[in-house]
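The values are calculated or read from the model by the stated rules, or taken from the named source; none is laboratory data. Everything numeric here is computed off the predicted structure, so don't read it as measured data. Reconstructed Cβ throughout: ideal geometry from the backbone, glycine too, with neighbour counts over all protein chains shown. With ligands, DNA and RNA removed, areas are computed over all heavy atoms of the protein, side chains included. Shrake-Rupley method; radii C 1.70, N 1.55, O 1.52, S 1.80 Å.
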Amino acid sequence: MIGVQAHDRALAGYRVLDLTDQRGAYCGKLLADLGADVVKVEPPAGDPARHRGPFYQDEPGPDRSLLFWALNTSKRSITLDLSNPAEARLLGRLAASADAFIENHGQGDMEALGLGYEALRSLNPGLVYTSITPFGQDGPRRYWRGPDIVVQAMGGLMHICGYPDGTPVRVAGSQAYYAGSLYACVATLIALYHRELTSEGQWIDVSMQEAIALVTQPTTQFFDLKQEVTTRLGTDGPRLGRFWPCQDGYISAGSFRRPQARERGLRWLESRGLAGELTEPEWQGPEREAELAARVEEGVLALVRTLPRAEVEEESRRFDLWISPLHSPGDVVEDSHLRARGFFLPVEHPELGATFLYPGAPYRLSESPWRLAGRPPLLGEHDDDEYRQDPRRSAEAAPRRRAEGVISMGMKLPLRGIRVLDLSWVAAGPLAAKILADFGAEVILVETAARRGGLRGGQPMVPGLAGWNVSNWFNNLNTSKLGVTLNLAQPEGIDLVRRLVRVSDVVLDNYTTGVMARWGLAYEELRRLRPDVIAVSMPVMGTTGPRRNHGAFGNGVAALAGLPLLSAAPGKPPPNICVPFTDHSSNPCHAATAIMAALLYRRRTGWGQFIDLAQYEATAAVTGSALLEYAVNGREPAAVGNRSPSAAPHGVYPCAGEDSWCAIAVTNDAEWQALCRAMDDPLWTREERFSSMESRLAHQDALDDLVATWTRKRAAAEAMELLQEAGVPAGAVQNAADLLTRDPQLRARGHFLRLDHPEAGTSPHHALPFRLSRTPPRLLPAPLLGQHNDHVLGEILGLSEEEINRLIIDQVVM
């Protein structure tokens, strides 16, 4: 197209005003690194994250915070005092020329400043306005305070992370903030795509609690179908990713109950002379499968204990076993595979006379490259630019790509007309495609006899029913899709996929590297079939690098990226999460972000491209400042469990009742005074050792014990309500039953949608954790196995009834 240069960045030309702090800053970072001009609007004292450690060389300063650095690359910074009406009006004028506006202020704060959505909409009807809050814009708890630990508790994540005989543990890296930011970014790009078609802006309401609740599936489905409450298992964790000790740390391994894993594990033991009688004929046969699996697992566990992590990984790969080491941040930074892929990038800090390695791209876009356009801005570094000094000039400079001559689509779905060929399986890929499907894309899920969606045979399944259509985990992850079943072991099956590629905008897979190429469906072939196709491949290790063929089970991806070791309570082993956490957050959201950015780029240029998303890298990108702490300061960050370096008390406290806990986070002296009043000002609160945040941080053990004497006398819900009413951030550690049946906020916001599936019946489905004011989603039940074979083959590909019947007889269509 005229005026477009090759390899322009995906979001070049978009301007975004970013009024977020740590809670939402990752959303703006993603947009900035994709090429948008993101202007960070800070108060005169700066984003509070600038004053939180860790700091470069441990010297505090607004331009030395590694936490701020991790969240704000490629942005500009201007300072405005929004309590000054003139400064607030100036921001309004800047918004009049912006494409998007992101904020995470308290409920009603922006409206009080005259900067709420309706006020800015009157200045700019095409503005996409994204609000990220702990609990959303409506509902009885919309005003509640929700720092990361409180949202993780109330979203259900902490109940399934921790130790079976002790305290729930929050997942490291402020994952509630990351989850909210990731879904906010996806929603913002969907709304921008809608605006390209219609000129309409809209308001996006993101709930961090709902983002965390979605991450906890399938625990809510287990409770709905079987009345089972999933709880903490320590290092044991789910069968697809238990943590086992080895000579120098831990590894993550899957179950040996699966026949292939059992056979491969036995061969490994045999190669070491450790198989013993297990290779004898009497151990073969279905009647001894379970016992054999247990013995193989026992033998492998004993072997692993004697080996270092690197040797375990190397040897297990020889037998095609997916075993992953639990990395520390230092292991991640020094990883030869990531170094070979160029994941860590040098970023110059001229003001410090130094260059540091930063974590790089969570995805690689071949035609519109992601890049770190610059180090995080100094406080107010761009106050002298045109943004602050001359908003009229800024408005003229901002390119406007509004659709011309297009009337309003009303409430129609924004991705209508986009067709996605979904070749993914299990969870991360299917959830990425589901996001697009729920907002109107025609997603064709291609299943094979060997894979069948990956979870069709997985629990939880509807009690009393059997077959491929009654797994509620599968059904939750595949709403609104069309389903076809093709035999890709036959050339005609591959040919049908090729024909579908010709009529698809996006092709998505999450197979291990090499699978698509073996089918003759590598990107070069896909591009030959459709030159403007957007092809997305999301294997665990990426499509290049020395370990590109390695995979991982369940929480193996989180293990590689360092999250379990960072989450451990002091002196305790790394806690597992009883769900494949990254499959529901970092990996599908990054994939959906990259797809939407590529669609916007293609609309502007006509060019498709290849997206290489390594799930390892996409998860490493959301570990907070941990990787920078090692890369910049040269030390491993300590695992602190539920503690905070800047808040006390900050933790999870036992309450009356079995396995009952309340998270409390006191972040300033005002909240401390509120906590003291809520506890009826016990004498110990007046002791000198608790008189300031600094002294409370120095005496956390004693402080936690004393706070626990108060919480133990109350039910968790009672303590939470009392503290929130007093102005103290607090939240009960909720389980799946609480989320599904008792949480009034989730109920008021309609987070669980009951869909009527033709075989699985009516069951609750997680809504996506954001609301778009002009274009709400539409959820339809997941497809039955092969439900849409006739429609896809006949209506989309134009095959006759006779041709389809012949393909069925020949077992090309299963």
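Sequence-distant or interchain residues sharing an amide H contact under 5 Å with Glu447, placed H: which?
For Glu447, the qualifying residues are Val484, Thr485, Leu486.
In Å², and per residue, what accessible area does the chain have when probed at 1.4 Å with the other protein chains present?
Here the per-residue accessible area is 35 Å².
Ala12 to Leu123: extension gain in nm, 0.36 nm per residue of separation minus the Cα-Cα distance?
Details: separation 111, 0.36 × 111 = 39.96 nm, distance 2.31 nm.
Gain on extension, Ala12 to Leu123, equals 37.7 nm.
With the calculation restricted to Cα positions, what are the radius of gyration and Dmax of segment 718-762 in angstrom?
14.8, 48
Where in the chain are the DSSP H helices whose C-alpha atoms run 27 Å or more along the long axis and whose mean Kyte hydropathy is at least -1.0? Before the final figure, lay out the partial values.
Working: long enough: 175-198 (34 Å, 0.54); 586-605 (28 Å, 0.01).
Flagged H segments are 175-198, 586-605.
What list of ³J(HN,Hα) couplings, whole Hz, do you get for segment 730-741 from phi and the Karplus terms 6.51, -1.76, 1.60, once you set θ to phi - 60° and write x for glycine and proline?
Result, ordered by residue: 7, x, 5, 6, 8, 9, 4, 5, 4, 4, 7, 10 Hz.
Run the quick spin-label model on Arg742 and Asp58: label points 7 Å from Cα toward the beta carbon, then report their separation in nm to one decimal.
It is 4.4 nm.
Per the Debye formula with a single identical scatterer at each Cα and no solvent contribution, what log10 I(q)/I(0) holds for segment 599-745 at q = 0.12, 0.21 Å⁻¹?
For the requested q values the scattering log ratios are -0.66, -1.25.
Can you give me the Kirkwood hydrodynamic radius for the chain, using every pair of distinct Cα atoms, in Å to one decimal? Don't jump to the answer; show the numbers that get you there.
Numbers: mean 1/r = 0.0365 Å⁻¹.
The answer is 27.4 Å.
Please compute the net charge surrounding Tyr143, taking Lys and Arg as +1 and Asp and Glu as -1 over other residues with Cβ under 12 Å from its Cβ. Please list the in-between numbers first.
Numbers: positive: Arg141, Arg142, Arg145; negative: Asp109, Asp138, Glu725.
The answer is 0.
Rank these residues by their accessible area, most exposed first, probe 1.4 Å: His765, His51, His382, His105.
Numbers: His765 5, His51 100, His382 30, His105 55 Å².
These residues rank, largest area first, as His51, His105, His382, His765.
Return the percentage of antiparallel bridges among DSSP beta bridges fully within the chain, rounded to the nearest 5 %. All intermediate terms of the calculation are to be shown ahead of the outcome.
Working: 38 of 79 bridges.
Roughly 50 percent of the DSSP beta bridges within the chain come out antiparallel.
Taking amide H positions as placed 1.01 Å from N in the peptide plane, with prolines and chain starts having none, which residues 5 or more places from Tyr250, or on another chain, fall under 5 Å of its amide H?
Result for Tyr250 returns Leu326.
What ranking, highest mean first, results for peptides 552-558, 463-469, 649-655 when packing means the other Cβ atoms within 10 Å averaged over each residue?
Details: 552-558: 28.6, 463-469: 13.0, 649-655: 23.9.
Packing order, densest peptide first, comes out as 552-558, 649-655, 463-469.
What are the ³J(HN,Hα) couplings of segment 536-541, residue after residue, when phi is run through the Karplus curve with 6.51, -1.76, 1.60 and θ = phi - 60°? Round to Hz, x for glycine and proline.
Values, residue by residue: 10, 10, 10, x, 4, 9 Hz.
Please work out the FRET efficiency for the pair Glu795 and Gln490, using the Cβ-Cβ distance as r and a Förster radius of 30 Å; give the result to the nearest 0.05.
Details: r = 23 Å, r/R0 = 0.75.
Between Glu795 and Gln490 the formula returns 0.85.
What percentage of the solvent-accessible surface of segment 156-217, computed with a 1.4 Å probe over protein heavy atoms, is contributed by carbon and sulfur atoms? Mind dumping the intermediate values first?
Numbers: 380 of 740 Å².
For segment 156-217, the apolar C and S fraction of the accessible surface comes to 52 percent.
Between segment 11-46 and segment 95-136, how many Å separate their Cα centres?
Between the Cα centre of segment 11-46 and that of segment 95-136, the gap is 14 Å.
What list of ³J(HN,Hα) values in whole Hz, one per residue of segment 65-80 in order, does the Karplus curve 6.51 cos²θ - 1.76 cosθ + 1.60 (θ = phi - 60°) give from phi, with Gly and Pro shown as x?
3J(HN,Hα) across segment 65-80, in whole Hz: 7, 5, 4, 5, 4, 5, 10, 9, 5, 6, 9, 9, 10, 10, 10, 9.
Amide H neighbours of His765 under 5 Å, at least 5 residues apart or on other chains, H built in the peptide plane: list them.
Distant-sequence amide H within range of His765: Leu753, Arg754, Leu755.
Return the carbon/sulfur percentage of the accessible area of segment 421-521, one whole number, probe 1.4 Å, all protein chains in place. Show your work: numbers first, answer last.
Working: 1430 of 2640 Å².
The value for segment 421-521 is 54 percent carbon and sulfur by accessible area.
Mind ordering 334-342, 627-635, 272-280 by average Cβ neighbours within 10 Å, highest first? List each step's numbers first, then the result.
Details: 334-342: 16.8, 627-635: 19.7, 272-280: 12.7.
The packing order, highest mean first, is 627-635, 334-342, 272-280.
When every alpha-carbon pair in segment 118-264 is counted, what percent end up more than 19 Å apart? Show your work: numbers first, answer last.
Values: 7075 of 10731 pairs.
Across segment 118-264, Cα pairs with separations above 19 Å total 66 percent.
Expressed as a whole number of Å, what is the distance separating the alpha-carbon centroids of segment 615-687 and segment 306-361?
28 Å
Give the separation of the Cα centroids, segment 737-814 to segment 185-223, in Å.
Using only Cα atoms to place each centre, the spacing works out to 18 Å.
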